Amino acid sequence: MSISATTATGEGGSLGRVAREGLDSTHGVVLYMEDISVSFDGFKALNKLSLSIDIGELRCVIGPNGAGKTTMMDVITGKTRPDEGTVYFGQTIDLTRLSEAQISTAGIGRKFQKPTIFEHHSVFENLELSMKADKRVRKTLFSSLSSAQKDSIAETLKTIRLNDSADRVAGLLSHGQKQWLEIGMLLMQEPRLLLLDEPVAGMSDDETERTGELFLSLAGKHSLVVVEHDMAFVEKIARKITVLHEGGVLAEGSMSEVQNDPKVIEVYLGR
Amino acid sequence: MTGGISRRLYGPRGWAILALFCVAVFGVMPVLNLAVPADSPFHVSAYWVTLLGKIMCYAIVAVAMDLVWGYAGILSLGHGLFFALGGYSFGMYLMRQIGSDGQYRQPMPDFMVFLDWKEFPWQWWNSDSFWWCAMLVIVVPGLLAYVFGYFAFRSRVKGVYLSIITQALTFAAMLLFFRNATGFGGNNGFTDFRRILDIPIATPQTRMALFAITGATLIGTLLLARWLTTSRFGRVLAAIRDAEQRVMFCGYDTVHYKLFVWTLSAVICGVAGALYVPQVGIINPGEMSPANSIEIAIWVAVGGRGTLIGPLIGAGLVNGAKSYFTQAFPEYWLFALGLIFILVTLFLPQGVMGFLGKKK
Ligand SMILES: Nc1ncnc2c1ncn2[C@@H]1O[C@H](COP(=O)(O)OP(=O)(O)O)[C@@H](O)[C@H]1O
Ligand SMILES: [Mg+2]
């Protein structure tokens, strides 16, 4: 893997500034959410949600449909602003004040529930565009790929098993391959924290298995938050699980702890 | 690269076509117009020089429009405004060049004499300077586009809403320019130009020089646009068109990307407008009519969005048809235009370029 856990450095400019400050993770926490509430027309999608993710942790988040899992990711990545509460990346970066692009540059990568890739670009170009680089207009006008960058794209292509499809138009990939491409795009960003919203939906068993292996290999160097419905998958990769229900945390713990929690049995697993 | 977006400026075939175009504009046309005697069947008349020059101005606009619509996915229905502002900016200089040769033999433009104005209004400050007006040609459309774009893109106005606002913008500007008090000649606009850089404007040589400059600008615009769209910047633009949110989550501040290409496109339109006015000999608020801006979008759709060369061809085809129709059946042009648009939308969604590409 070419992915390094070091913080972005040396990128100038307004976006780069966030990254240059670096992630202050002295307390071993990469993401810290406290009392987050989000409501849509009076309906509370998130209700005083508090959650923290440790450095290098692989956290699985489960919960019934509508529990607020995607909304939580929207809040972390700046797509939705919380009505109340705080979200910190490390000790110092207040995510509620940053734009989507700044949050990404700071080191948070996100995979959407519905795979979103650039359908008209080639697989290679998808990776090129998401690659960690100075992403200001005047830099992209004159940029060309260094050989180190080409190598890192080639390595990611290998990781996501699309090295034979580098020049294919991404829209022609299978659903599972698109999911992998989006994961590859995340890896190219070299994020500290990866948010993965239902990453194995629509994958074959074999693909699911390999995705699980990939995530386990990423944990440690990166922190991961995986939202998934596929309980077999969660069981395979999970160390710590958070159960969301009606916009708040219902339970947290190991798989067996969560499975034996009466509240969880009632609302989710027991059905 | 077999898939995705080309990284090359042009292949051998592209350069060959471009070279042929240069030979036609800078070699064949001047010879046939200036050197071949008027009674020869090979003579190209002033009518054709002006018509082709005008169409090349439109082609420049079409390429600029393709940059924002075809690549960045921003459908502007107000690009005629930027064109007209460039035209008016340069038109002021042309009005000043008339000197005291107007109807009233006064040093001020006729319409000002007619309104009994004794002094130039502030907008006309320094307008007797060629370089000042040439600068306005770039700055006025550019600044307006920048300010408009800044607020629109920052507030994430997009899609049909943005199109409607641009349409309203050009309409409002048209109403403003219709007023005499605005200081730009009201509904008559500017006309009766005599000179440019103190050279008489209506001579065959001046006409041919303007024609050649327009041709060079068209080639320059095409190459610039092609260079932009084959750079990583261009790939980001196309990504914004297809999945803007994904681009933001990749760490790009998409507002700046859109703002850059939008402003550049407006500036190019302004330059085209400035080249148009001395060749056609008139600029009036009609250039800002909503229908004019819609027509620009039609050229691009007919040629094929996101191909640059397609919109250039589209502008040529539609305007060629227009000059034929408006002479042969003047009442039917708008119907014909509507029909062309419907047919292209239904049967040639990729425009002429898509059709040519399929046949290959
Ligand atoms: N933009 C929105 N407008 C209105 N309601 C929304 C919006 N986004 C999410 N919701 C609602 O918030 C709740 C949580 O949604 P979501 O976070 O997508 O749940 P999950 O991902 O856990 O299935 C759902 O009831 C959903 O209908
Ligand atoms: Mg969801």
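The values are calculated or read from the model by the stated rules, or taken from the named source; none is laboratory data. Given the structure is predicted, the values throughout are model-derived calculations rather than measurements. Here Cβ is always computed from backbone atoms with ideal geometry, including for glycine, and neighbour counts include all displayed protein chains. To get the accessible areas, we keep the full protein, side chains included, count just its heavy atoms, and leave off ligands, DNA and RNA. Shrake-Rupley method; radii C 1.70, N 1.55, O 1.52, S 1.80 Å.
Once the other residues with Cβ under 15 Å from the Cβ of B:Thr170 are scored (Lys, Arg +1; Asp, Glu -1), what is the net sum?
-2
Per residue in segment B:1-43, which ones lose no less than 10 Å² of accessible surface when going from chain alone to all protein chains (1.4 Å probe)?
Listed by number, the residues meeting the 10 Å² cut-off are B:Met1, B:Thr2, B:Gly3, B:Gly4, B:Ile5, B:Arg7.
Between segment B:233-269 and segment A:17-95, what's the alpha-carbon centroid distance in Å?
If you average the Cα positions of each part, the centres end up 28 Å apart.
How far is helix B:46-66 tilted, in degrees, relative to the longest principal axis of the Cα atoms in chain B, given as a value from 0 to 90 rounded to the nearest 10?
Result, in degrees: 40.
Before anything else, pin down the relative contact order of segment B:273-316: Cα pairs under 8 Å, at least 6 apart, normalised by residue count, whole percent.
24
Under a 1.4 angstrom probe, counting protein chains only, how are A:Glu235, A:Glu207 ranked by accessible area, largest first?
A:Glu235, A:Glu207
Report, in debye and to the nearest 20, how large the dipole of segment B:23-140 comes out about its Cα centre when Lys and Arg carry +1 and Asp and Glu carry -1 on their Cβ.
Once rounded to the nearest 20, the dipole reads 80 debye.
In angstroms, what radius of gyration and Dmax does segment B:160-296 have, counting Cα atoms only?
Final numbers for Rg and Dmax: 19.0, 57 Å.
Enter the per residue convex hull volume of segment A:115-190, computed from alpha-carbon coordinates, in Å³ rounded to the nearest integer.
Roughly 87 Å³ of hull volume per residue.
Projecting each Cα onto the charge dipole of segment B:53-170 (Lys/Arg +1, Asp/Glu -1 at the beta carbon, about the Cα centre), which of B:Phe82, B:Pro107, B:Phe130 comes out farthest on the positive side?
B:Phe82
Please find, in a Gaussian network model of chain B (springs between Cα atoms separated by less than 10 Å), the residue of B:Leu275, B:Leu317, B:Leu81 whose mean-square fluctuation is greatest.
Its mean-square fluctuation being the largest, the pick is B:Leu317.
Cα convex hull of chain A: mean projected area in nm², to one decimal?
14.5
Over 21 Å between C-alpha atoms is what I'm after, so list which of A:Lys69/A:Lys135; A:Lys48/A:Lys263; A:Lys111/A:Lys132 land there.
A:Lys69/A:Lys135
Divide the volume of the convex hull of the Cα atoms of segment B:257-360 by its number of residues and quote the answer in cubic angstrom per residue.
133
Semi-axes of the equivalent ellipsoid for segment B:2-359, please: Cα gyration tensor eigenvalues, times 5, square-rooted, ordered largest first, whole Å.
Semi-axes from the Cα gyration tensor: 33, 26, 19 Å.
Suppose all protein chains stay in the model; what accessible area per residue would a 1.4 Å probe give for chain B, in Å²?
In whole numbers, chain B has 45 Å² accessible per residue.
How do B:Ile199, A:Ile117 rank by accessible surface area computed with a 1.4 Å probe, from largest to smallest?
The ordering from most to least exposed comes out as B:Ile199, A:Ile117.
Based on a Kirkwood Rh over C-alpha pairs, give the Stokes-Einstein translational diffusion coefficient of segment B:96-136 at 10 °C and viscosity 1.306 mPa s in µm²/s.
Rounded to a whole number, D works out at 146 µm²/s.
When 1/r is averaged over all different Cα pairs and the result inverted, which Kirkwood radius in Å belongs to segment A:22-75?
12.5
Averaged over peptide B:226-232, how many Cβ atoms belonging to another chain are found within 10 Å of each residue's Cβ?
3
With a cut-off of 8 Å between alpha carbons and a minimum separation of six or more residues, what is the relative contact order of chain A in percent?
It comes to 26 percent, rounded to a whole number.
State the Kirkwood hydrodynamic radius of the protein assembly as shown in Å, one decimal place, computed from all pairs of distinct Cα atoms.
It works out to 27.6 Å.
I'd like the carbon and sulfur percentage of the solvent accessible area for chain A, probe radius 1.4 Å, heavy atoms only, ligands and nucleic acids excluded.
47
Pairs of Cα atoms under 8 Å, at least six residues apart: use those to get the relative contact order of segment B:183-294, whole percent.
Contact order relative to length: 46 percent.
Normalise the Cα radius of gyration of segment A:127-271 by 2.2 N^0.38 Å (N = residues in it) and let me know the number.
So the Cα radius of gyration is 1.25 times the expected 2.2 N^0.38 Å.
Provide the net charge surrounding A:Val169, with neighbours chosen by a C-beta distance below 11 Å and charges set as Lys +1, Arg +1, Asp -1, Glu -1.
-2
Tally Lys/Arg at +1 and Asp/Glu at -1 over every other residue whose Cβ is under 10 Å from the Cβ of A:Val225; what's the total?
Summing Lys/Arg as +1 and Asp/Glu as -1 gives +1.
Carbon and sulfur: what percent of segment B:121-239's accessible surface (1.4 Å probe)?
The nonpolar share, carbon plus sulfur, comes to 70 percent.
Express the Stokes-Einstein translational diffusion coefficient of segment A:226-271 in µm² s⁻¹, to the nearest whole number, given a Kirkwood radius over alpha-carbon pairs, 25 °C and a viscosity of 0.890 mPa s.
Estimated diffusion coefficient is 229 µm²/s.
Enter the buried accessible area of the A/B pair, total of both sides, probe 1.4 Å, in Å² rounded to the nearest 100.
Chain pair A/B: roughly 3000 Å² of buried accessible area.
Would you mind pulling out the separation of the Cα centroids of segment B:157-219 and segment B:281-335, in Å?
Here the answer is 15 Å between Cα centres.
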